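See structure below.
The values are calculated or read from the model by the stated rules, or taken from the named source; none is laboratory data. These numbers come from a predicted model, not from an experiment. Note that each Cβ is placed from the backbone with ideal geometry, even for glycine, and that neighbours are counted across all protein chains shown. Heavy atoms of the whole protein, side chains included, go into the accessibility calculation; ligands, DNA and RNA do not. Shrake-Rupley method; radii C 1.70, N 1.55, O 1.52, S 1.80 Å.
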Amino acid sequence: GSSTSTIASILKENGAIRSELGFKIYIDDFGVAYSNISCLGQITADVLKLDKSFLDHEIDKREMIILESVVKMAKNLGMEVVCEGIEGKKELQLVQNLKCEIGQGYYYDKPLPLDEFHKKYVLSQNKK
């Protein structure tokens, strides 16, 4: 739609600034609302975040084929892929089966303020 093409033109105009300053472009909540496969061709993004709605129900064979294809397509376009909504071992196994190396969800932890995250994950790693 027109909103996707407007966003794509803005991102293309600012591509040099993005690369010079080290910004990354994320497509968040992919698969719902305005994000769709056509936006992958129009927007040069660094990271594709699959919406958690893909994992909040039993995945049948057809849906698995679609998810595998989206993950592979994004990787072929040079994007990292993040699967949102990992709440337990079942979702973790599904994400691993998709060969998606980055996951996000309550299985790992609840959303944390930056200082709490730093103490829990950064400082604790430095002590090892």
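Here is how the numbers come out for the structure above:
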| read-out | value |
| --- | --- |
| Sole exception among (1) open to solvent by less than 20 Å² (accessible area, probe 1.4 Å); (2) touching a Gly at 6+ places or on another chain (Cβ under 9 Å) for C100, by number | (2) |
| Index of the failed condition, K99 passing every other in (1) part of a loop (DSSP other than H, G, I, E, B); (2) at negative phi | (2) |
| Unique match (being more than 14 Å from I27 (Cβ to Cβ) and either modelled with pLDDT of 90 or more or within 12 Å of the chain's Cα centre (by Cα) (or both)) among K61, K127 | K61 |
| Unmet requirement for V32, which otherwise passes all of (1) closer than 30 Å to S9 by Cβ; (2) open to solvent by less than 40 Å² (accessible area, probe 1.4 Å); (3) not in a helix (DSSP H, G or I) | (2) |
| Enumeration of residues in the stretch 103-128 that are open to solvent by less than 50 Å² (accessible area, probe 1.4 Å), without any contact (Cβ under 8 Å) to a residue 12 or more places away in the chain and part of a loop (DSSP other than H, G, I, E, B) | D109, L112 |
| Output for the stretch 35-62, where each listed residue is surrounded by fewer than 13 Cβ atoms within 10 Å (Cβ to Cβ), among the acidic types (D, E) and either in contact (Cβ under 8 Å) with a residue 12 or more places away in the chain or in a strand (DSSP E or B) (or both) | D56 |
| Residue list for the stretch 63-94, filter: charged (D, E, K, R), surrounded by fewer than 17 Cβ atoms within 10 Å (Cβ to Cβ) and either without any contact (Cβ under 8 Å) to a residue 24 or more places away in the chain or in a helix (DSSP H, G or I) (or both) | E63, E68, K72, K75, K89, K90 |
